[in-house]
Structure formats: C-alpha cells, structure tokens
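Student: The structure follows.
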Amino acid sequence: MAVCPVYTTQSLNSTCSVSTPSKTHFSSHHNHLVFYRTSKRTSKRGGSSSCVITCSAGDSQTVVIGLAADSGCGKSTFMRRLTSVFGGAAEPPKGGNPDSNTLISDMTTVICLDDYHSLDRTGRKEKGVTALDPRANDFDLMYEQVKALKSGIAVDKPIYNHVSGLLDPPELIKPPKILVIEGLHPMFDERVRDLLDFSIYLDISNEVKFAWKIQRDMAERGHSLESIKASIEARKPDFDAFIDPQKQYADAVIEVLPTQLIPDDNEGKVLRVRLIMKEGVEHFSPVYLFDEGSTISWIPCGRKLTCSYPGIKFSYGPDTYFGHEVSVLEMDGQFDRLDELIYVESHLSNLSTKFYGEVTQQMLKHADFPGSNNGTGLFQTIVGLKIRDLYEQITASKTAAPLQATKA
Amino acid sequence: MATLRLHSLTATSEKIPTSPFVPSSRVLSASFHCNEKRVSRRMTINAVGGGAKYKGTQMREKQLSEMIEKKVTEAKQVCEGDETSDECRVAWDEVEEVSQAKANLRLRLEVEKKDPLESFCLENPETEECKVYDD
C-alpha cells in the first residue's frame with residue numbers, strides 16, 4: 001500500500017507556501033492522491049489566503065517551455081497561438097490582481113519572468129541597473145519555483161506590476177500540464193535551463209526592431225523618431241551582454257530579418273523569417289522541405305500558384321549555429337491568400353499536424369493576429385504544434401514507465 | 001452636427017508592417033467632426049468597440065501615456081551629460097518598459113476584445129476601478 005506524506009500549511013492572513021518534498025520520497029510505483037483545497041475567501045486585489053495541500057510524485061508531468069524575447073510579457077500572439085493549439089483561450093487568473101502578467105488556459109500556464117525582478121523600478125534606478133541586468137533578477141527564486149511547479153507543487157509567485165513599477169503581493173500558481181516561462185532571462189541561469197523541456201529564442205534584427213518600435217510608439221505623445229532610436233541604442237549594451245548570448249542554448253530560434261525580396265527596403269513591412277532548429281533534441285524533429293538534410297531553395301509562386309508582389313521564397317538546409325548542428329527553414333515574403341498558405345503547408349514535412357491543413361486552420365483562426373500573413377505567424381504556429389507533439393511524447397513515455405516497472 | 005466617418009488605416013494594396021507585437025492592419029479609426037473641432041484618434045478607438053470598458057482600464061491607459069511622455073523628457077535630460085552613463089541607460093530602459101506596457105494593454109484590448117479588468121470587476125463591481133466608462 002502506498003503511503004503518502006501530507007503537507008499542510010497554516011493560513012492566517014498571509015499567503016501560505018508549501019515546502020518542497022525531496023524527490024527520493026516517491027517512486028513511480030506509488031499511486032498519488034492529491035488532496036486539494038483552496039479557500040477563496042478574499043476578493044481583495046492581490047491578497048489571497050488560499051491553502052493548498054498537495055501530495056505529488058516526483059515524476060509529475062509538467063512540461064516546461066522557455067521563451068526568450070525582448071518585448072515585455074505581452075508576447076500575446078505567440079502565447080495565444082500556442083495555447084490555441086492545445087485548445088482553449090489563455091486568460092489572466094480570475095479575480096486576482098488585475099495587473100497580473102500570468103495567463104492561464106486549460107492546459108497551459110504562462111508566467112512572466114519579470115515577476116522575478118529582485119529590484120523594482122525605484123530600486124533599479126537607485127542601483128543604476130536596467131531590467132536586462134541579471135542583478136535586477138532573483139534567479140534563486142526563479143529556479144526554486146520553476147522546479148517546484150515542474151514537480152507538481154503550487155507556488156506563491158510574486159507579481160511585478162508594470163504600471164506602478166512595484167512588486168505586488170504574490171499570486172498562487174498551481175502546477176499546470178504545460179508551464180511556459182517567458183521573458184528576458186529564461187535561459188540565463190544554468191539550473192533553470194536544465195529544467196526546460198524545450199526552449200525558444202525570438203531573435204529580432206536591429207532594423208526590424210527599429211521599424212516595429214516606430215510603429216508601436218509613434219502614436220504616443222512624447223515619442224519621436226529620435227527618442228525611439230535613443231531608447232534602442234541605450235539598451236543595446238545590456239541586451240548584447242546579457243540577453244543575446246542565450247540564443248546559443250535555445251532548441252529553436254525564430255530569427256526575424258528584413259526582406260531580401262525588395263532591394264533597399266527599409267520599411268520592415270515584408271519580413272524574412274528563419275526557423276533555426278537544433279538537431280538531436282529529444283522529442284523534437286525539425287520541420288523540413290522536400291528532402292530532409294538536403295539544401296533546397298523554393299519559390300512556390302509560378303504556374304500552379306499566383307502570388308502578388310513581392311511573392312514568397314522558401315529555403316531549407318542544414319547549418320551550424322554556435323557549434324551545434326541545426327536545420328534552418330526560411331520564409332521570405334508574405335501570404336496574400338488562403339490557397340497560398342495551404343499550398344505551402346502541403347509541401348512541408350514533419351509538421352506534427354494531426355490532420356492535413358491544420359497549420360492553415362490555426363493561422364486562419366487567428367487571421368487578425370499580427371504576423372498572420374508572414375513567417376512569424378507561420379513559424380510560431382509550427383513551433384506550437386511541435387510543442388504539442390513534444391508534450392504528448394513526454395507524457396506517453398512517463399505513463400509507460402510505471403507500467404513497465406509493475407510488470408517487472 | 002457631428003458626423004462619424006469610419007475608415008480603414010490601410011490603403012488598398014499597402015499593408016502595415018506585420019509585427020507580432022503590434023496591432024494588425026485591421027485597426028479602424030473614427031474621426032468626429034464637431035464644430036470644426038477634431039477629437040484625438042486615441043479617444044475614438046473606444047467608439048469602435050473592444051475598447052476600454054471600465055474606468056480602471058481607462059485610467060491605466062492614461063497613466064501609461066503620461067508616464068511615457070514624462071519619462072522620455074527625463075531620459076533626454078539625464079543623458080545630456082553623459083550618454084553612456086548608467087543613469088542614462090536606466091532612464092531609457094524605463095521608457096521602454098512603460099512604452100511596452102502601454103502597447104501590451106492596447107494589444108490586449110484589440111486581440112481579446114474585452115477589458116482586462118473584466119473578471120476582476122465581475123467579483124468586485126463596487127470598486128472605483130470597475131465603474132463603467134461611459135462615452
């Protein structure tokens with residue numbers, strides 16, 4: 001008979017936390033019962049006095065994905081595409097702090113790593129460090145909490161309020177099936193890196209970043225071309241020193257560059273997007289075009305497919321990236337019509353779709369999302385499907401193991 | 001009197017740069033002409049629907065806009081002395097932080113088409129923030 005130690009926490013007017021059981025207590029033979037009670041007594045913003053009693057086995061099935069990029073925690077489009085692949089919409093925790101950065105859907109929870117700032121805005125100003133600097137972030141706490149969630153234990157995670165610039169009282173995060181940690185430093189700390197089942201780095205080139213920030217900020221009072229440029233320039237040293245080096249650790253890099261289809265284009269309207277996929281990653285098989293491992297250059301527009309200017313150009317091939325073997329799939333140009341999209345999908349392989357046309361269907365579902373007509377949307381969708389595939393493989397292998405053990 | 005004209009921001013063949021982080025080319029703008037007085041574009045986005053419903057969201061938008069303006073001015077002043085100083089970098093980082101926060105709020109309103117305070121206000125309808133913003 002399996003014995004399960006129960007951890008209880010007192011809940012007064014403070015949030016309670018659950019201690020991490022050591023992994024050696026559990027083995028995969030034991031059934032795990034989860035006793036779980038939360039008291040939602042409060043409607044006060046940010047204050048939760050919930051009490052969680054959990055008993056979990058060491059081989060809980062939370063899959064952890066890391067997403068690195070420099071655009072705050074509103075990678076809404078990528079997250080929405082990802083959660084949409086699993087079904088359901090991701091929403092902020094209901095009834096909690098309205099300035100929470102967390103998104104929760106049935107299968108996934110997305111945590112913003114800004115919540116692990118050790119210094120709030122005032123603190124950073126005093127110390128003279130930007131948010132990009134590791135000194136402004138608590139990697140010990142990040143590691144502890146991601147580790148706990150991965151083991152099936154709920155945590156009280158701080159909230160960094162981007163409006164006030166302060167650290168708000170923590171919110172309870174329950175272990176989801178898929179945990180996504182997004183922010184500036186998901187792969188910075190080695191211990192956190194080792195917890196990730198899959199990692200993605202969104203690499204925006206300087207020209208595209210400039211074009212996007214102009215579009216983002218020009219409508220704001222106070223901003224001008226000069227201020228936008230100055231802001232990018234000022235952050236560049238810290239970005240290059242602390243954020244950029246993480247891309248060597250990523251399993252997939254989505255690189256966004258200006259197009260090569262329009263000579264001297266500096267408007268950043270048409271994009272060239274490269275999906276750089278590491279070879280040899282467990283549970284991840286790179287997408288390919290026509291013939292795996294060969295080098296292909298493909299312009300789908302021609303007799304069977306008519307495209308409007310500047311058209312679409314694909315390429316695929318093996319390469320090395322920071323000393324790793326990779327496969328690179330690249331798309332330059334944009335989709336103007338549905339049939340272009342389905343035509344392209346039908347020629348790609350290893351998409352991990354469950355049915356023909358699933359990529360197109362997902363893209364159409366979110367046709368109003370930014371990037372829906374170019375490589376950013378396409379590759380985000382594909383990465384979402386790859387993550388689903390990875391999750392299913394990991395889950396299948398974990399449920400198989402105890403069965404084998406009992407047979408033995 | 002007042003006439004409401006709705007027109008798409010995009011011209012026929014031209015598309016607004018497609019960034020994952022910025023609202024798509026489907027943004028509509030409405031302009032009111034009332035006694036030759038032009039109302040700012042920012043305000044009228046609410047008229048289209050999917051805009052801020054609760055006072056709290058409207059307050060946040062306003063607060064963030066004001067912060068952007070203030071922090072840009074501060075950054076320019078701080079950097080006058082030394083552009084490579086820590087203070088200068090931190091000042092522009094703050095500008096980036098609030099600019100991004102404002103853009104995220106805008107994006108959420110566009111993409112989710114509902115107010116971020118929706119679920120909070122369902123449970124706390126009596127708070128100041130949850131007063132419905134009436135046009």
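Any read-out appearing in this document is the output of simple, stated calculations on the displayed coordinates, not a laboratory observation. Since the structure is predicted, the reported quantities are computational estimates derived from the model, not experimental observations. Positions of Cβ are generated from backbone atoms using ideal geometry, with glycine treated the same way; all protein chains shown enter the neighbour counts.
Student: Among the residues of the range B:119-134, are any hydroxyl-bearing (Ser, Thr, Tyr), within 7 Å of another protein chain (Cβ to nearest Cβ) and under 24 Å from residue A:226 (Cβ atoms)? Walk me through it before giving the result.
Tutor: Here is the first cut: in the range B:119-134, the ones hydroxyl-bearing (Ser, Thr, Tyr) are B:119, B:127, B:133.
Now drop any that are not within 7 Å of another protein chain (Cβ to nearest Cβ), which leaves B:119.
Add one more test, that the residue is under 24 Å from residue A:226 (Cβ atoms), and what stays is none.
No, every residue in the range B:119-134 fails to be hydroxyl-bearing (Ser, Thr, Tyr), within 7 Å of another protein chain (Cβ to nearest Cβ) and under 24 Å from residue A:226 (Cβ atoms).
Student: Please tell me if residue A:313 is closer than 30 Å to residue A:210 by Cβ, among the charged types (D, E, K, R) and out of contact with any Pro (no Cβ under 8 Å at 6 or more places or on another chain).
Tutor: Working: closer than 30 Å to residue A:210 by Cβ: yes; among the charged types (D, E, K, R): yes; out of contact with any Pro (no Cβ under 8 Å at 6 or more places or on another chain): yes.
Yes, satisfied.
Student: So the check is Cβ under 7 Å with 6+ separation or different chains; which pairs have a first residue in the range A:291-311 that's under 19 Å from residue A:351 (Cβ atoms) and a second one that's among the hydrophobic types (A, V, I, L, M, F, W, C) and part of a loop (DSSP other than H, G, I, E, B)?
Tutor: From residues that are under 19 Å from residue A:351 (Cβ atoms), the pairs are A:296/A:290.
Student: Picking from A:342, A:394, A:387, which residue would you name as being farther than 18 Å from residue A:198 by Cα, hydrophobic (A, V, I, L, M, F, W, C) and in a helix (DSSP H, G or I)? Explain how you work it out, then say what you get.
Tutor: Details: A:394 fails: farther than 18 Å from residue A:198 by Cα; A:387 fails: farther than 18 Å from residue A:198 by Cα.
Residue meeting the stated conditions: A:342.
Student: Taking only pairs six or more apart or across chains, which ones have beta-carbon atoms under 8 Å, a first residue in the range A:160-183 that is over 22 Å from residue B:101 (Cα atoms), and a second residue that is among the aromatic types (Phe, Trp, Tyr) and outside any loop (DSSP other than H, G, I, E, B)?
Tutor: A:177/A:391; A:178/A:86; A:178/A:391
Student: It is to be established whether one or more residues within the range A:168-180 are touching a strand residue (DSSP E or B) at 6+ places or on another chain (Cβ under 9 Å), part of a helix (DSSP H, G or I) and either within 11 Å of another protein chain (Cβ to nearest Cβ) or within 24 Å of residue A:252 (Cα to Cα) (or both). Steps first, answer last, please.
Tutor: In the first step, residues of the range A:168-180 are kept if they are touching a strand residue (DSSP E or B) at 6+ places or on another chain (Cβ under 9 Å); the result is A:168-180.
Adding the requirement that they be part of a helix (DSSP H, G or I) leaves none.
Scanning the range A:168-180 turns up no residue that is touching a strand residue (DSSP E or B) at 6+ places or on another chain (Cβ under 9 Å), part of a helix (DSSP H, G or I) and either within 11 Å of another protein chain (Cβ to nearest Cβ) or within 24 Å of residue A:252 (Cα to Cα) (or both).
Student: Right, something else. Looking only at the range A:317-326, decide whether some residue is in contact with a helix residue (DSSP H, G or I) (Cβ under 6 Å, 6 or more places away or on another chain) and at negative phi.
Tutor: No, the range A:317-326 contains no residue that is in contact with a helix residue (DSSP H, G or I) (Cβ under 6 Å, 6 or more places away or on another chain) and at negative phi.
Student: Is it the case that some residue within the range A:330-347 is within 28 Å of residue A:280 (Cβ to Cβ), touching a residue at least 12 places away in the same chain (Cβ under 8 Å), more than 14 Å from chain B (Cβ to nearest Cβ) and touching a strand residue (DSSP E or B) at 6+ places or on another chain (Cβ under 6 Å)? Show your work before the answer.
Tutor: If we filter the range A:330-347 for residues that are within 28 Å of residue A:280 (Cβ to Cβ), which is where we start, we get A:330-332, A:344-347.
This time we only want the ones that are touching a residue at least 12 places away in the same chain (Cβ under 8 Å), so: A:330-332, A:344-345, A:347.
Narrowing further to those that are more than 14 Å from chain B (Cβ to nearest Cβ): A:330, A:344-345, A:347.
The next check asks that each one be touching a strand residue (DSSP E or B) at 6+ places or on another chain (Cβ under 6 Å); those that pass are A:330.
Yes - at least one qualifying residue is present in the range A:330-347.
Student: May I pose another question? Just the residues that are buried (at least 17 other Cβ atoms within 10 Å of the Cβ) and either touching a residue at least 24 places away in the same chain (Cβ under 8 Å) or in contact with a strand residue (DSSP E or B) (Cβ under 9 Å, 6 or more places away or on another chain) (or both), please, taken from the range A:121-133.
Tutor: So the first thing to find is which residues in the range A:121-133 are buried (at least 17 other Cβ atoms within 10 Å of the Cβ), and the list is A:121, A:124-125, A:129-133.
Within the range A:121-133, A:121, A:124, A:130, A:131, A:132, A:133 qualify.
Student: Considering only residues that are assigned to a loop (DSSP other than H, G, I, E, B) and among the aliphatic types (A, V, I, L, M), look in the range A:191-244 and name the one that is surrounded by the fewest Cβ atoms within 10 Å (Cβ to Cβ).
Tutor: Here is the first cut: in the range A:191-244, the residues assigned to a loop (DSSP other than H, G, I, E, B) are A:196-197, A:205, A:218-224.
From the residues that got through so far, the ones that are among the aliphatic types (A, V, I, L, M) too are A:196, A:218-219.
Values: A:196: 22, A:218: 11, A:219: 14.
That would be A:218.
Student: Sticking with this one: Output the residues belonging to the range A:204-239 that are closer than 19 Å to residue B:64 by Cβ, more than 7 Å from every other protein chain (Cβ to nearest Cβ) and of a type outside the set (S, T, N, Q).
Tutor: A:213, A:214, A:218, A:219, A:228 - these are the residues of the range A:204-239 that are closer than 19 Å to residue B:64 by Cβ, more than 7 Å from every other protein chain (Cβ to nearest Cβ) and of a type outside the set (S, T, N, Q).
Student: Tell me whether the range A:136-143 contains one or more residues that are in a strand (DSSP E or B) and not aliphatic (A, V, I, L, M). First the steps, then the outcome.
Tutor: Kept after step one, since they are in a strand (DSSP E or B), are these residues of the range A:136-143: A:137.
Those left that are additionally not aliphatic (A, V, I, L, M): A:137.
Yes, the range A:136-143 contains a residue that is in a strand (DSSP E or B) and not aliphatic (A, V, I, L, M).
Student: Quick one: is residue A:288 surrounded by 15 or more Cβ atoms within 10 Å (Cβ to Cβ), in contact with a helix residue (DSSP H, G or I) (Cβ under 8 Å, 6 or more places away or on another chain) and away from every other protein chain (no Cβ under 14 Å)? Can you show your working first?
Tutor: Details: surrounded by 15 or more Cβ atoms within 10 Å (Cβ to Cβ): yes; in contact with a helix residue (DSSP H, G or I) (Cβ under 8 Å, 6 or more places away or on another chain): no; away from every other protein chain (no Cβ under 14 Å): yes.
Criteria not met by residue A:288.
Student: For residues that are in contact with a His (Cβ under 9 Å, 6 or more places away or on another chain) and of a type outside the set (Asp, Glu), tally how many sit in the range A:166-212. Outline the logic, then answer.
Tutor: As a first pass, look at the range A:166-212 and keep what is in contact with a His (Cβ under 9 Å, 6 or more places away or on another chain): A:167, A:192, A:197-198.
When the remaining residues are screened for being of a type outside the set (Asp, Glu), the result is A:167, A:192, A:198.
Total meeting the criteria: 3.
Student: Condition first: facing another protein chain (nearest Cβ under 7 Å) and crowded, with 21+ Cβ neighbours inside 10 Å. Now tell me which residues in the range A:81-97 satisfy that.
Tutor: Passing the criteria: only A:92.
Student: So in the range A:291-312, with the set limited to residues that are among the aliphatic types (A, V, I, L, M) and part of a strand (DSSP E or B), which one is surrounded by the most Cβ atoms within 10 Å (Cβ to Cβ)?
Tutor: Quick first cut of the range A:291-312, residues among the aliphatic types (A, V, I, L, M) only: A:296, A:299, A:305, A:312.
Next, only the ones that are part of a strand (DSSP E or B) stay: A:296, A:312.
Working: A:296: 14, A:312: 24.
Top of the filtered list is A:312.
Student: Output the qualifying pairs, or none if there are none: Cβ atoms under 7 angstrom, residues six or more apart or on different chains, first residue in the range A:235-255 and closer than 18 Å to residue A:64 by Cβ, second residue assigned to a helix (DSSP H, G or I).
Tutor: A:249/A:193; A:252/A:383
Student: For the range A:105-114, which positions are surrounded by 22 or more Cβ atoms within 10 Å (Cβ to Cβ) and farther than 18 Å from residue A:242 by Cβ? Steps first, answer last, please.
Tutor: First pass over the range A:105-114, keeping only residues surrounded by 22 or more Cβ atoms within 10 Å (Cβ to Cβ): A:108-114.
Answer for the range A:105-114, where residues must be surrounded by 22 or more Cβ atoms within 10 Å (Cβ to Cβ) and farther than 18 Å from residue A:242 by Cβ: A:108, A:109, A:110, A:111.
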